[in-house]
Amino acid sequence: MLLPILLLVISNTFMTIAWYGHLKYTSKPLWIVILVSWGIAFFEYCFQVPANRIGYGIFTATQLKIIAEVCSLTIFLIFSYFYLNEPIKWNYIVSFLLIIGAVVFAFAFK
């Protein structure tokens, strides 16, 4: 039950780096950024596909997607704070708590 979640965390870490890591390098040509991002995203898929394959049956496909979104938002919040030096504002925290509430609601009724 933990393996799919661990794989989703790893996958979403690669996804966040691929999608947002280049924002510190705005002077680089876009085509180079795209190629590097695709290269990083390859590893995202190497973890995402097994996470869904292993997790399906333990979780529904919808539950897997919800877990992936929570991983994505959590990782992004950490990434944007430490890598992009963006502040964590109170409204981001409230928004995140509302999303966590939605997750609890989605898993509460099996």
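The values are calculated or read from the model by the stated rules, or taken from the named source; none is laboratory data. Predicted model, so just to flag it, every value in this text is computed and none were measured. Heads up, the Cβs are rebuilt from the backbone with ideal geometry, glycines too, and the neighbour counts pull from every protein chain shown. Note: accessible area is taken over every heavy atom of the protein model, side chains too, but ligands, DNA and RNA are not part of it. Shrake-Rupley method; radii C 1.70, N 1.55, O 1.52, S 1.80 Å.
I'm told TRP31 meets every condition in (1) out of contact with any Gly (no Cβ under 7 Å at 6 or more places or on another chain); (2) within 30 Å of LEU3 (Cβ to Cβ) except one. Can you identify the failing condition by its number? Among (1) out of contact with any Gly (no Cβ under 7 Å at 6 or more places or on another chain); (2) within 30 Å of LEU3 (Cβ to Cβ), the lone unmet condition for TRP31 is (2). Does segment 24-43 contain at least one residue that is of a type outside the set (A, V, I, L, M, F, W, C), touching a helix residue (DSSP H, G or I) at 6+ places or on another chain (Cβ under 8 Å), open to solvent by 80 Å² or more (accessible area, probe 1.4 Å) and assigned to a helix (DSSP H, G or I)? Among the residues of segment 24-43, not one is of a type outside the set (A, V, I, L, M, F, W, C), touching a helix residue (DSSP H, G or I) at 6+ places or on another chain (Cβ under 8 Å), open to solvent by 80 Å² or more (accessible area, probe 1.4 Å) and assigned to a helix (DSSP H, G or I), which makes the answer no. Within segment 44-60, if we keep just the residues that are open to solvent by 40 Å² or more (accessible area, probe 1.4 Å) and modelled with pLDDT under 95, the residue that is nearest to VAL94 (Cα to Cα) turns out to be THR60. Sort out which residues of segment 61-72 are of a type in the set (S, T, N, Q) and open to solvent by 70 Å² or more (accessible area, probe 1.4 Å), and write them in order of number. Result: THR62, single match.
Yes/no per residue for (1) touching a residue at least 60 places away in the same chain (Cβ under 8 Å); (2) touching a Cys at 6+ places or on another chain (Cβ under 8 Å); (3) at positive phi:
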site	(1), (2), (3)
ILE5	yes, yes, no
ASN12	yes, yes, no
ILE34	no, no, no
TYR45	no, no, no
ASN52	no, no, no
LEU64	yes, no, no
ILE75	yes, no, no
ASN91	no, no, no
PHE107	no, no, no
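Just need a number here: residues in segment 73-110 that are surrounded by 10 or more Cβ atoms within 10 Å (Cβ to Cβ) and closer than 21 Å to TRP19 by Cβ. So the answer is 17.
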